[in-house]
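Some notes on the structure that comes next.
The values are calculated or read from the model by the stated rules, or taken from the named source; none is laboratory data. Keep in mind the model is a prediction, meaning the values are calculated, not measured. Cβ placement follows ideal geometry from the backbone for every residue including glycine, while neighbour counts extend to all protein chains displayed.
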Amino acid sequence: MHSSRKLEIIKKLRVATVLGIGTVGVLAVSILVAGGLRNATSANATLNDLTAILLGGVLIGLFVTFLLCLLTFHAFSFFESTILPQAIRLNEAMRMLHAKTHQESRDALKFYRIAVFRTKNALGEGVEENVPCKLISTFLSPWFFRSDQNAAFGSNNHCCDFAQVQQIVADNKGKWGTAEASGDAEKKIVALERTIADLHEKNKESAGKYTAAAGREGRLKKQQAEVNDHMATLVELAHRVTTDFKPPRKITIKEIKAKYLAIGKIYGITDVPEEYVDIFRKAMPEHLINWGGAPSLGSDEEGT
């Protein structure tokens with residue numbers, strides 16, 4: 001049985017079982033309280049006694065019923081193990097939906113009804129395939145501690161179904177994007193996606209080279225952090241250029257470096273490596289790059 005189909009069946013069974021237990025519990029409380037009142041009336045009980053029997057029976061009965069429903073709800077969690085065809089870390093999924101704070105992430109999970117899973121093994125960056133995990137059906141419930149939620153947003157062991165998140169992003173683009181997108185706009189989107197993929201590949205290659213050298217962990221970690229900072233800067237730069245530069249306006253190498261430094265300030269970047277500039281210029285659409293280096297029409301001299 002397909003994993004998503006299995007989880008859907010478990011979800012329906014859980015709801016049906018909890019409702020069934022709740023209904024039986026309410027009926028049982030009603031019968032017991034009615035019986036108690038009848039016996040008390042036959043024994044000539046006072047009004048205070050009848051009130052105590054009624055309130056005590058109802059409150060205790062409903063409390064026990066609630067505990068049974070809660071126990072049943074959690075019991076189904078034992079059957080919610082699954083394998084996600086594609087999984088992405090929870091914090092990366094929230095970045096895809098532009099949720100920056102913990103509260104924004106909680107709101108996004110609730111609004112889009114995104115399922116949260118927990119894995120035994122830590123996930124790396126990007127999308128991983130065929131990941132064994134367990135659905136956390138109570139992640140947004142009132143009895144799931146806020147501190148545990150906050151820890152999950154920074155954990156490498158909490159993830160989402162990448163297909164679900166990707167579908168949400170696609171739906172949002174279709175809802176809020178222009179229906180009559182031009183061919184140039186489509187080319188820019190494809191180029192941006194290709195640029196990001198190239199940058200991810202460059203990052204993986206760099207990470208492999210760095211981690212291959214044993215005995216230099218401290219220096220390698222610092223170098224790896226610098227590569228990640230430059231990659232993040234390049235991704236943001238690609239986004240800004242495809243958004244701010246429209247033909248016939250082209251960006252010069254001087255403007256690229258200026259914008260690179262402006263974006264990289266938040267990462268502590270103080271220089272622009274030529275190799276990253278070359279990667280950026282080659283990966284971007286040709287009609288956006290001024291290969292001659294001369295100032296372009298309407299160029300942005302502020303570099304922001």
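Miscellaneous remarks
- Complete set of residues in the stretch 117-147 that are of a type in the set (D, E, K, R) and surrounded by fewer than 15 Cβ atoms within 10 Å (Cβ to Cβ): Lys120, Glu125, Glu129, Arg146
- Cβ-Cβ distances below 6 Å connect the following pairs, each with a first residue in the stretch 19-48 that is assigned by TED's automatic domain parsing to the domain that holds Leu59 and closer than 21 Å to Leu70 by Cβ, a second residue that is of a type in the set (A, V, I, L, M) and surrounded by 14 or more Cβ atoms within 10 Å (Cβ to Cβ), and a separation of six or more residues or different chains: Ile21/Leu68.
- All conditions in (1) of a type in the set (Gly, Ala, Ser); (2) crowded, with 17+ Cβ neighbours inside 10 Å; (3) closer than 23 Å to Gly124 by Cβ; (4) modelled with pLDDT under 85 hold for Gly208, with the sole exception of (2).
- Just one of the listed residues (Lys265, Lys250, Lys257) is charged (D, E, K, R) and under 29 Å from the mean Cα position of the chain (by Cα), and it is Lys265.
- Looking at Ile279, Ile256, Ile269, just one residue is assigned by TED's automatic domain parsing to the domain that holds Lys202 and in a loop (DSSP other than H, G, I, E, B), and that residue is Ile269.
- Only listed residue being at pLDDT 90 or above, closer than 12 Å to Cys160 by Cα and not in a helix (DSSP H, G or I), chosen from Ile83, Ile88: Ile88
- Condition met for Val190 (over 20 Å from the mean Cα position of the chain (by Cα), at pLDDT 85 or above and over 18 Å from His98 (Cβ atoms)): no
- Per the conditions (1) out of contact with any Ser or Thr (no Cβ under 8 Å at 6 or more places or on another chain); (2) more than 15 Å from Lys202 (Cα to Cα); (3) of a type in the set (Lys, Arg), the sole criterion not satisfied by Lys259 is (1).
- Number of the exception - Arg113 against (1) touching a strand residue (DSSP E or B) at 6+ places or on another chain (Cβ under 9 Å); (2) modelled with pLDDT under 90; (3) of a type in the set (D, E, K, R): (1)
- Residues located in the stretch 259-281, provided they are closer than 11 Å to Leu237 by Cα and crowded, with 19+ Cβ neighbours inside 10 Å: Lys259, Tyr260, Ile263, Gly264, Phe280
- Check on Phe153, surrounded by 15 or more Cβ atoms within 10 Å (Cβ to Cβ), touching a helix residue (DSSP H, G or I) at 6+ places or on another chain (Cβ under 6 Å) and either among the hydroxyl-bearing types (Ser, Thr, Tyr) or assigned by TED's automatic domain parsing to the domain that holds Gln167 (or both): yes
- Residue within the stretch 237-246 that is surrounded by fewer than 16 Cβ atoms within 10 Å (Cβ to Cβ), among the β-branched types (Val, Ile, Thr), modelled with pLDDT of 75 or more and outside the structural domain of Glu128 (by TED's automatic domain parsing) present: yes
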